Amino acid sequence: MFFFESIPWYNVVMWLVVLGLLIGLNEFVRSGKRASQLMFMALPIALTPIWLFVVDSEITSWFHWVKVYSALAGALIYMVIRFTNYHKKHPWYLVLVPAILAINIMEAVIREFQVGFMGFDGVVDGMTYISGGWNYVNAFAGILNILTICGWFGIFATSGKRVDMIWPDQTKLWIIAYGIWNISYVYSCAPGNAFYSGFALNIAATIPALLWAKGTWMQNRAQTLSIWMMWVMTFPYFFAVGSTFNVSVSYNPAANWTLALISLALNVVLAVMQVSRIVKRRLNPLKDELWTDTEEYKRVDALRETESPNPKTA
């Protein structure tokens, strides 16, 4: 196969299980404050000593430690928006949303440059790599993805049975560009479980945002990434090389180049569209929302009618 070696039926079943569990647990934490506190506060506190003193893993690098806590930081920052009025009294707080997103992307960009610059070839940190020009191409796509983050001052929280953080100006194109960039990153820089952490993890955050929970992608991404990283830190070998459920990438440079070039193309198109809109409409990308006249934005922003000055907290 082009991207992966053989994918037995039981790996397909496990992929669907992972996807279903991530979506299901995301819906669980969407259900209220107590569920979110349990998942993103109590559970990490309980697991941290296990990660430090019990789990002995050769495949857990600095990136895993940074990623798990930065993802959790994002989930906690978004919980403040979902369950309190702090962001209404202090609008500057909304800047933390794009900031934690940009930091997460930059972590991966740095890792991508590291893999390319150091010429990872063979087993490194217990994982087999190949490196090449695609690392630099996708790193540049990641930088563009950061630069095209926009409209964060339009973020709000809904009320009702499920309290969500909504980002109307985060378009489907940006989400897709991010998704392909991240899949390309994982495929090249975390190839040991790219079948799951590349494809299933990205799709788990996107499906709800496109179908039944529009505008929630950022919230979904932080939550599903936190859940996934806590699993990986606790059971690092479950999907690793040697596991029954591991699916090996093909280690075909053409596959790496294909993903990186698609990633770059999407992010270049996105950047050109945004720059054109900013110039024509004389918008300030640090303050203004860019897509307010589009039908996509209007459908999501209509949820603002359910915004409450006193969000439910349970």
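For segment 166-192, what are the residues that are closer than 22 Å to Glu295 by Cβ and not polar (S, T, N, Q)?
Our first condition is that a residue be closer than 22 Å to Glu295 by Cβ; within segment 166-192, this holds for 166-179.
Residues satisfying the conditions are Ile166, Trp167, Pro168, Asp169, Lys172, Leu173, Trp174, Ile175, Ile176, Ala177, Tyr178, Gly179.
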Note to self: For segment 53-73, give me the residue count where each residue is touching a helix residue (DSSP H, G or I) at 6+ places or on another chain (Cβ under 7 Å) and either modelled with pLDDT of 95 or more or part of a helix (DSSP H, G or I) (or both).
What the structure shows: 9
Checklist line | Unmet requirement for Ile176, which otherwise passes all of (1) under 13 Å from the mean Cα position of the chain (by Cα); (2) surrounded by 18 or more Cβ atoms within 10 Å (Cβ to Cβ); (3) not aromatic (Phe, Trp, Tyr) | finding: (2)
Next item on the list: For segment 206-214, state whether one or more residues are small (Gly, Ala, Ser) and farther than 30 Å from Ile77 by Cα.
Entry: no
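Can you tell me which residue is surrounded by the fewest Cβ atoms within 10 Å (Cβ to Cβ) among those in segment 201-224 that are under 13 Å from Ile175 (Cα atoms) and of a type in the set (Gly, Ala, Ser)? Outline the logic, then answer.
Residues of segment 201-224 under 13 Å from Ile175 (Cα atoms): 202-210, 214-221.
Those left that are additionally of a type in the set (Gly, Ala, Ser): 204-205, 209, 215.
Numbers: Ala204: 25, Ala205: 26, Ala209: 21, Gly215: 25.
Among them, the one singled out is Ala209.
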Check: Any residue at all in segment 42-52 that is closer than 25 Å to Trp181 by Cβ, modelled with pLDDT of 95 or more and surrounded by 17 or more Cβ atoms within 10 Å (Cβ to Cβ)?
Finding: no
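Yes/no per residue for (1) of a type in the set (Gly, Ala, Ser); (2) without any contact (Cβ under 8 Å) to a residue 40 or more places away in the chain; (3) more than 30 Å from Leu283 (Cα to Cα):
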site: Met118; (1), (2), (3): no, yes, yes
site: Asn135; (1), (2), (3): no, no, yes
site: Gly179; (1), (2), (3): yes, yes, no
site: Ser188; (1), (2), (3): yes, no, yes
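Just name the residue that is surrounded by the most Cβ atoms within 10 Å (Cβ to Cβ) out of those in segment 251-261 that are part of a helix (DSSP H, G or I) and over 18 Å from the mean Cα position of the chain (by Cα). I'd like the intermediate steps shown before the answer.
Step one: list which residues in segment 251-261 are part of a helix (DSSP H, G or I), which gives 253-261.
Subsequent filtering for residues that are over 18 Å from the mean Cα position of the chain (by Cα) retains 253-258, 261.
Working: Pro253: 13, Ala254: 10, Ala255: 19, Asn256: 25, Trp257: 17, Thr258: 16, Leu261: 15.
Result: Asn256.
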Check: Across segment 129-156, what is the number of residues that are outside any loop (DSSP other than H, G, I, E, B) and under 22 Å from Ser263 (Cβ atoms)?
Finding: 16
Checklist line | Residue that is least open to solvent (accessible area, probe 1.4 Å) [pool: residues in segment 59-98 that are of a type in the set (Val, Ile, Thr) and touching a strand residue (DSSP E or B) at 6+ places or on another chain (Cβ under 7 Å)] | finding: Ile81
Checklist line | Selection from segment 269-296 of residues that are among the hydrophobic types (A, V, I, L, M, F, W, C) and touching a residue at least 12 places away in the same chain (Cβ under 8 Å) | finding: Val269, Leu270, Ala271, Met273, Ile278, Leu290, Trp291
Check: Can you pull out the residues in segment 25-42 that are in contact with a helix residue (DSSP H, G or I) (Cβ under 7 Å, 6 or more places away or on another chain) and either more than 20 Å from Lys67 (Cβ to Cβ) or free of Cβ contacts under 8 Å to residues at least 24 places away in the same chain (or both)?
Finding: Phe28, Lys33, Ala35
Margin query: Being touching a strand residue (DSSP E or B) at 6+ places or on another chain (Cβ under 9 Å) and open to solvent by less than 10 Å² (accessible area, probe 1.4 Å) is true for just one of Met165, Met118. Which residue is that?
Written below: Met165
Next item on the list: Could you list, in sequence order, all residues of segment 103-149 that are of a type in the set (S, T, N, Q) and closer than 29 Å to Ser243 by Cβ?
Entry: Asn104, Gln114, Thr128, Ser131, Asn135, Asn138
Next item on the list: Report, by residue number, each residue of segment 2-19 that is more than 25 Å from the chain's Cα centre (by Cα) and in a helix (DSSP H, G or I).
Entry: Trp9, Tyr10
Margin query: Going through Thr206, Thr171, Thr244 one at a time, which residue ends up being farther than 18 Å from Asn145 by Cα and of a type in the set (Val, Ile, Thr)?
Written below: Thr244
Check: Filtering segment 225-249 down to residues that are at pLDDT below 95 and of a type in the set (S, T, N, Q), which residue is surrounded by the fewest Cβ atoms within 10 Å (Cβ to Cβ)?
Finding: Thr244
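The values are calculated or read from the model by the stated rules, or taken from the named source; none is laboratory data. Predicted, not measured: the structure shown is a model, and the values here were computed from it. Note: ideal-geometry Cβ built from the backbone for every residue, glycine included; neighbour counts use all protein chains shown. Heavy atoms of the whole protein, side chains included, go into the accessibility calculation; ligands, DNA and RNA do not. Shrake-Rupley method; radii C 1.70, N 1.55, O 1.52, S 1.80 Å.
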